[in-house]
Amino acid sequence: MWYDSNMLLPNHMTSMDYTLVDEGYQLQFPMEIDGLIPTDDSVRLLNALLERMDYRKLYRAYSRVPQSGTSPKSLFKIEVYGYMSGQYSSRSMERSCRRDINFMYLLGGDAVPDHNTIARFRSRYLPEAMDHLYEQLVDLLAESGELSLQSVFVDGTKVESFAGRYTFVWKKRVEKALTRLRERMKQDVPKIAQEHGIRFGYADEIEEHQLKHLLVRLGKKRMNQGIDFVHGRGSRKTALQRAIEQITDYYEKLKRYQKDLQILKDRNSYAKTDQDATFMRMKEDHMRNGQLKPAYNVTIGVDSEYIIDVMLSQERSDSQTLLPFLERIKRLRYKEIVADAGYESEENYAYLEENGQLAFIKPSNYEQAKTRKYKSDIGRRENMPYDEASDAYTCTMGYPICPAYTRKTRSKAGYLIETTIYECPHCEGCSAKERCIRPGGSKPIEERSKRLYVSKEFLRQRAAAEARITTERGILLRINRSIQVEGAFGILKQDMGFRRFLLRGMVKVQTEIMLLCFAYNIRKLHMKIQSSRCGAHLHQPTAA
């Protein structure tokens, strides 16, 4: 092929400095970045709000780091704006700091941080100050009249962890394996010790330190005899080598199983690549087989469409997360707590009553109780007449179901629950028995009698809550719960595209979700300002 000398690239075209290529280029736009950003851009609102905050706690946490040329305040700004714009990766934020004028505006002349600086700031230093910064934002919203400070809407969702989906450790499996291991050790370890002339004793179970001591004794015996260990096919191991290898295997397994149980504590599972994550059933089921995935339970409280706080939990059920969350927002003194049926429990009702708060919690059987099938079920307590004077229910055949005994139990958090068990003595030969008693249990229906398990305190609390949610105020709050808190989750997951955490561990993940909610609040304030909806707390229902 023929080449023209004019087609060859000049030397400066292959230089790493591309400004040499743009010879004679005339700069035509203003050098001030501020002039290029629209006056109603959300980045201006973010900058104005974050400039009003106190960063002393953040600077103390960051003081241990060598100065990188980017202040902690600027790093926090670009982190928040990155989450506002759906950029959660530290590499994506670094790229935007070099190309996006909004990120350049927030840096305010500071050096562009690399992705390692951004990642370390988020995972190591921001957790120490994130709660303080979030409280300041909530206080700013309250001072400006954006929060009602009257009613808070609480709900939860499960967000997938960054752990591997198949790195599960199940508590039941570990307990079974540990039981089998202890039985084998009781049979084998004393025999091995006796064969090699070592005294070995134990009380109820063989523990780690006893196996470790036995290994030391066997190791000394090997050194005294000058035995070399052999490995590989065709090699013949000595009895001492086989003994040491077997005891070592028992020691390592016992150590691993006990460590697993220590990590699990009250949980039923954990992920090996994120030990704080618990396997939960998710709505996002990529295999469509009900597969459990490592996740965290995220609880948020919403007031006037703003997320006033967010809490991470390892609990799979929502009812166990309400009280810890209410303790977090106790300083805001909300009077009306609005939640769905998943948060109903006697313990939660009692806590709200003790603190002078009104529970607008829908009973778990509220919708089901309206159906014809529910109302025609003769075995349900709700369909049986109750006589308060005699403290007895009457079954469909007219027989009394009287209290037999009282049982006291404690909840997972230690709350005392008193349950009265009612029993009918006239069930034998009753024609309605098969329709009244539910099938199941160890005994056949013919040998069973009708029993009702009733917590009188819980029934009183549920009746009060049901009466409360059917009032005009209760209906308005229930409508707003669906709009505000479920709408917040919709924006976080769908609009902002946040469906999986990027960090691992409770502390780091808590910081990440708070950073996301921080960005959500500024974004929500921006939209309310632009739509002239500032100061609106509740959505009013409109007639069709």
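The values are calculated or read from the model by the stated rules, or taken from the named source; none is laboratory data. Everything numeric here is computed off the predicted structure, so don't read it as measured data. Virtual Cβ from ideal backbone geometry, glycine too; neighbours counted across all protein chains shown. Ligands, DNA and RNA are excluded from the accessible area calculation, which covers all protein heavy atoms including side chains. Shrake-Rupley method; radii C 1.70, N 1.55, O 1.52, S 1.80 Å.
May I ask you to list the residues in the range 168-201 that are open to solvent by 70 Å² or more (accessible area, probe 1.4 Å) and not charged (D, E, K, R)? Break it down into steps so the answer makes sense when it comes.
Our first condition is that a residue be open to solvent by 70 Å² or more (accessible area, probe 1.4 Å); within the range 168-201, this holds for 168, 172-173, 175-176, 179-180, 183-184, 186-187, 191, 194-195, 199.
Of everything in the range 168-201, those that are open to solvent by 70 Å² or more (accessible area, probe 1.4 Å) and not charged (D, E, K, R) turn out to be Phe168, Thr179, Gln187, Gln194.
All but one of (1) under 23 Å from Tyr270 (Cα atoms); (2) open to solvent by 50 Å² or more (accessible area, probe 1.4 Å); (3) part of a helix (DSSP H, G or I) hold for Lys212, so report the exception by its number.
The one condition Lys212 does not meet is (1).
Can you report the number of residues in the range 46-87 which are assigned to a helix (DSSP H, G or I), of a type in the set (Phe, Trp, Tyr) and open to solvent by less than 50 Å² (accessible area, probe 1.4 Å)?
We begin by selecting, within the range 46-87, every residue assigned to a helix (DSSP H, G or I); these are 46-51, 56-62, 72-84.
When the remaining residues are screened for being of a type in the set (Phe, Trp, Tyr), the result is 59, 62, 76, 81, 83.
Next cut, open to solvent by less than 50 Å² (accessible area, probe 1.4 Å) only: 62, 76, 81, 83.
Residues that pass the stated criteria total 4.
Scan the range 403-449 residue by residue and report those that are open to solvent by 80 Å² or more (accessible area, probe 1.4 Å) and among the charged types (D, E, K, R).
Matches in the range 403-449: Arg407, Lys408, Arg410, Lys412, Glu418, Glu428, Glu434, Arg435, Arg438, Lys443, Glu446, Glu447.
Restricting to the range 358-408, name every residue that is closer than 27 Å to Leu323 by Cα, part of a strand (DSSP E or B) and in contact with a Phe, Trp or Tyr (Cβ under 7 Å, 6 or more places away or on another chain).
Ala359, Ile361
Say whether the condition of being open to solvent by 90 Å² or more (accessible area, probe 1.4 Å) and farther than 30 Å from Arg504 by Cβ is met by at least one residue in the range 252-274.
No, that holds for no residue.
Name the residues in the range 192-205 that are more than 23 Å from Gln258 (Cβ to Cβ) and either under 48 Å from the mean Cα position of the chain (by Cα) or in a loop (DSSP other than H, G, I, E, B) (or both), would you?
From the range 192-205, those more than 23 Å from Gln258 (Cβ to Cβ) are 194-199; that's our starting set.
His196, Gly197, Ile198, Arg199, listed by residue number.
Going through the range 257-267 one residue at a time, which ones are within 25 Å of Ile206 (Cα to Cα) and either in contact (Cβ under 8 Å) with a residue 24 or more places away in the chain or assigned to a helix (DSSP H, G or I) (or both)?
Just the residues of the range 257-267 that are within 25 Å of Ile206 (Cα to Cα), to begin with: 257-266.
Of everything in the range 257-267, those that are within 25 Å of Ile206 (Cα to Cα) and either in contact (Cβ under 8 Å) with a residue 24 or more places away in the chain or assigned to a helix (DSSP H, G or I) (or both) turn out to be Tyr257, Gln258, Lys259, Asp260, Leu261, Gln262, Ile263, Leu264, Asp266.
Would you please name the residue that is nearest to Tyr306 (Cα to Cα), looking only at residues in the range 146-167 that are of a type in the set (Gly, Ala, Ser) and open to solvent by less than 10 Å² (accessible area, probe 1.4 Å)?
Kept after step one, since they are of a type in the set (Gly, Ala, Ser), are these residues of the range 146-167: 148, 151, 156, 161, 163-164.
Those still in the list that are open to solvent by less than 10 Å² (accessible area, probe 1.4 Å) too: 151, 161, 163.
Values: Ser151: 12, Ser161: 25, Ala163: 30 Å.
Selected residue: Ser151.
Please indicate, with yes or no, whether at least one residue in the range 231-243 is in contact (Cβ under 8 Å) with a residue 24 or more places away in the chain, over 29 Å from Ala295 (Cα atoms) and surrounded by 13 or more Cβ atoms within 10 Å (Cβ to Cβ).
Quick first cut of the range 231-243, residues in contact (Cβ under 8 Å) with a residue 24 or more places away in the chain only: 239-240, 243.
Retained after the next criterion (residues that are over 29 Å from Ala295 (Cα atoms)): 239-240, 243.
Checking the rest, the ones that are also surrounded by 13 or more Cβ atoms within 10 Å (Cβ to Cβ) come to 240, 243.
Among the residues of the range 231-243, at least one is in contact (Cβ under 8 Å) with a residue 24 or more places away in the chain, over 29 Å from Ala295 (Cα atoms) and surrounded by 13 or more Cβ atoms within 10 Å (Cβ to Cβ), which makes the answer yes.
Would you check which residues across the range 503-544 are open to solvent by 60 Å² or more (accessible area, probe 1.4 Å) and under 14 Å from Leu312 (Cβ atoms) and list them?
Arg504, Val507, Lys508, listed by residue number.
One residue is enough: does the range 371-386 have a residue meeting the conditions closer than 23 Å to Thr299 by Cβ, of a type outside the set (S, T, N, Q) and either open to solvent by 60 Å² or more (accessible area, probe 1.4 Å) or at pLDDT 90 or above (or both)? It would help to see each step written out before you state the result.
So in the range 371-386, the residues closer than 23 Å to Thr299 by Cβ come out as none.
Within the range 371-386 (the criterion being closer than 23 Å to Thr299 by Cβ, of a type outside the set (S, T, N, Q) and either open to solvent by 60 Å² or more (accessible area, probe 1.4 Å) or at pLDDT 90 or above (or both)), the answer is no, since none of the residues qualifies.
Quick one: which residue in Ser431, Ser411 is under 44 Å from the mean Cα position of the chain (by Cα) and polar (S, T, N, Q)?
Ser411
Looking only at the range 344-355, decide whether some residue is surrounded by 14 or more Cβ atoms within 10 Å (Cβ to Cβ) and more than 18 Å from Tyr415 (Cβ to Cβ).
No - not one qualifying residue is present in the range 344-355.
Which residue pairs have Cβ atoms under 8 Å apart, sit 6 or more places apart or on different chains, and have a first residue in the range 409-431 that is in contact (Cβ under 8 Å) with a residue 40 or more places away in the chain and a second that is aliphatic (A, V, I, L, M)?
Listed pairs, sorted by first residue: Ser411/Ile417; Ala413/Leu323; Tyr415/Ala350.
Just for the range 280-319: of the residues that are open to solvent by 40 Å² or more (accessible area, probe 1.4 Å) and either outside any loop (DSSP other than H, G, I, E, B) or in contact with an Asp or Glu (Cβ under 6 Å, 6 or more places away or on another chain) (or both), which one is nearest to Met514 (Cα to Cα)?
By that ranking, first place goes to Arg281.
Please enumerate the residues belonging to the range 462-473 that are in a helix (DSSP H, G or I) and over 19 Å from Gln368 (Cα atoms). So that I can check it myself, show each step before the final result.
Of the residues in the range 462-473, the ones in a helix (DSSP H, G or I) are 462-469, 472-473.
Within the range 462-473, Glu472, Arg473 qualify.
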